[in-house]
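Some notes on the structure that comes next.
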Amino acid sequence: MSLMKPRVYIETTIVSYLTALPSRDIVTAAHQQLTREWWARRSRYQLFASEAVLGEAAGGDPAAAQRRLRELADVRMLAITPGARDLARALIEARIVPATSAVDALHVATAAVHGMHFLITWNCTHIANASLRQRIEGLCRLRGLEPPTICTPEELAEE
């Protein structure tokens, strides 16, 4: 049995919820709290992100962007390879991820191509979506890749 820590791709919503000012919306506030609790246990995992995460995290309010980028400073960066771009394109062409959300396809593809065990996200529209998960996994496997387990911090809270 390997003693290696599980590899986790951190999608942009994670650092966004982690660093955002407390929300008055009860669901968002709960997600923020769950994210902070998961982040406090992040040493259990090897954390990775990509240039796509950095690009998204750097956008918007400059002070908020600075907080997001500070949290990503110690996270290892994965290259967006031609294979990842190809898989992202296939996810869009198969209408699994809409073309308007191409960066979401790129997150999934980058995590799959680099052999991540998990992709952690709060994007339940285009990524952590039960109705899409099977289709994402099927397309990855069709291309010879083992897909990451796509989940929220709440789902990855206990192993």
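For the reader, a short list of remarks on this structure follows.
- Rounded, prolate or oblate (a/c below 1.5 giving rounded, otherwise prolate when a/b exceeds b/c) for region 10-83 by Cα gyration tensor: oblate
- For region 117-159: rounded, prolate or oblate by the Cα gyration tensor [a/c cutoff 1.5]: oblate
- In this structure the amide hydrogen of T149, modeled in the peptide plane, comes within under 5 Å of the amide hydrogens of F118, L119, none closer than 5 places in sequence on its chain.
- The chain: calculated mean residue ellipticity at 222 nm from DSSP helix runs of at least 4, using -39500 (n - 2.57): -15000 deg cm²/dmol
- For the chain, the longest principal axis of the alpha carbon atoms and the long axis of helix 130-142 meet at an angle near 50°.
- Hypothetical label at Q46: residues of region 3-35 whose amide nitrogen lies under 18 Å (7 Å Cα-Cβ projection): 3-11
- Zero-based 10 Å bins, Cα pair distances in the chain, whole percents: 11, 42, 36, 11, 0
- GNM remark for the chain: springs join alpha carbons under 10 Å apart, and the peak mean-square fluctuation among D86, D61, D104 falls on D61.
- Hz values of 3J(HN,Hα) by residue in region 151-156 - Karplus curve (6.51, -1.76, 1.60), Gly and Pro given as x: 7, 9, x, 4, 6, 9
Readers should treat all values here as calculations from the given coordinates under stated rules, not as data from a laboratory. Model, not experiment: these values are computed from the prediction. Every residue, glycine as well, gets a Cβ built from its backbone with ideal geometry; the counts of neighbours run over all protein chains shown.
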